[in-house]
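The values are calculated or read from the model by the stated rules, or taken from the named source; none is laboratory data. Fair warning: this is a prediction, and the values are worked out from it, not measured in the lab. Glycine gets a Cβ as well: all are built from the backbone with ideal geometry, and neighbour counts include every protein chain shown. Ligands, DNA and RNA are stripped out before the accessible areas are found, and what is left, the full protein with its side chains, is counted by its heavy atoms. Shrake-Rupley method; radii C 1.70, N 1.55, O 1.52, S 1.80 Å.
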Amino acid sequence: MRLAILSDIHGNSIALDAVLADIQKQGGVDGYWILGDFSALGHDPVGVLEQVTALPNASFTRGNTDRYIVTGERPGPTLEEAQTQPHLVARLAELSANFAWTQGFIQARGWWDWLAELPLEVGLTLPNGTRVLGVHAAPGLDDGPGIHPTLSEEELRKALAPAKADLVIVGHTHFPLERRVGNVHVLNLGSVSNPIIPSLQASYALLNTNANSYQLQQRFVDYDHQAVIEAIQKVSHPAEKFLTQFMRGEKISPWAQM
């Protein structure tokens, strides 16, 4: 069995097209796991949903931005914070406009219930007995700090403790990594869109299994960032400045300097 596992598409159908093309170049797969953050914040919130739901044998989990769309929750700043810290007003206004824009597409095209019904986690047991868990941020969570490079071994052990799994696969931080703590193997996929790594590539993983073992292969894929910028501009996206910063490499994570 072979699975393609990806996350954090964020409404970027151009990056998604590149990843799906790379999967086919690698010989195709038997199924897909897509671990949340489908539509917000990008230029094509419905197009990516149409693409991923057409994939064969696909399983999905929710991400924090999927939850924000259907519940009205937001990552911050809050209105109260903006009232006491005026420099946050512009950020709050952009954030509100961004999610309102995305919500309009989701409601108009009939995807609201699909997003609302996404499960928190997906799991399976491989032929060799390895228990695999897929979740957006960390076991039991679609939000929060997630699995990132600065976690100590003890912090990582604590984050993974709720998982009854041998292999845990996550996204959320947009920063790819692979670690082991105790008997648990954890992989962060990075992201399909909104890159914060120096190469600005989309990333995903292939999971190959047989009766005796499994192998993980992390893939990094180039895509046309200028085409994404032009698509964002074409739809008059309310968060154009914020989104294009990712495409121009202006949002590189400090983790990349470690």
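Please report the net charge: other residues with Cβ closer than 11 Å to the Cβ of residue 36, K and R +1, D and E -1. Net local charge, residue 36 excluded: -4. Ligands, DNA and RNA are left out, and with a 1.4 angstrom probe the accessible area of the chain is 43 Å² per residue. Since only 104, 235, 13 are under comparison, the one whose Cα sits farthest along the positive direction of the charge dipole of the chain, derived from C-beta charges on Lys, Arg, Asp and Glu, is 13.
Note on the chain: GNM, Cα springs under 10 Å; of 56, 238, 195, the largest mean-square fluctuation is that of 56.
In plain terms, the chain from residue 94 to residue 227 could stretch by 45.6 nm, reckoned as 0.36 nm per residue minus the Cα-Cα distance.
From helices alone, the chain scores -10000 deg cm²/dmol at 222 nm; the rule is -39500 (n - 2.57) for each run of n ≥ 4 DSSP H residues, then divide by the residue total. Loop-located GluC sites (Glu not before Pro) across the stretch 178-258 with a Cβ neighbour count of 13 or fewer within 10 Å are 250, with loop assigned by DSSP.
Counting Lys and Arg as +1 and Asp and Glu as -1 over every other residue whose Cβ lies under 14 Å from the Cβ of residue 236, the net charge comes to -2. Nonpolar atom fraction for the chain, defined as the carbon and sulfur part of the 1.4 Å probe accessible area, stands at 50 percent.
In plain terms, the C-alpha convex hull of the chain casts an average shadow of 13.9 nm² when viewed from every direction.
Our summary gives the chain a relative contact order of 22 percent, counting only alpha carbon pairs under 8 angstrom and 6 or more residues apart.
Under the convention that each Lys and Arg Cβ holds +1 and each Asp and Glu Cβ holds -1, the size of the dipole of the chain around its Cα centre is about 400 debye. Among residues other than residue 131 with Cβ under 10 Å from its Cβ, the summed charge is 0 (Lys and Arg +1, Asp and Glu -1). The angle between the Cα long axis of helix 13-25 and the longest principal axis of the Cα atoms of the chain comes to about 20 degrees, rounded to the nearest 10.
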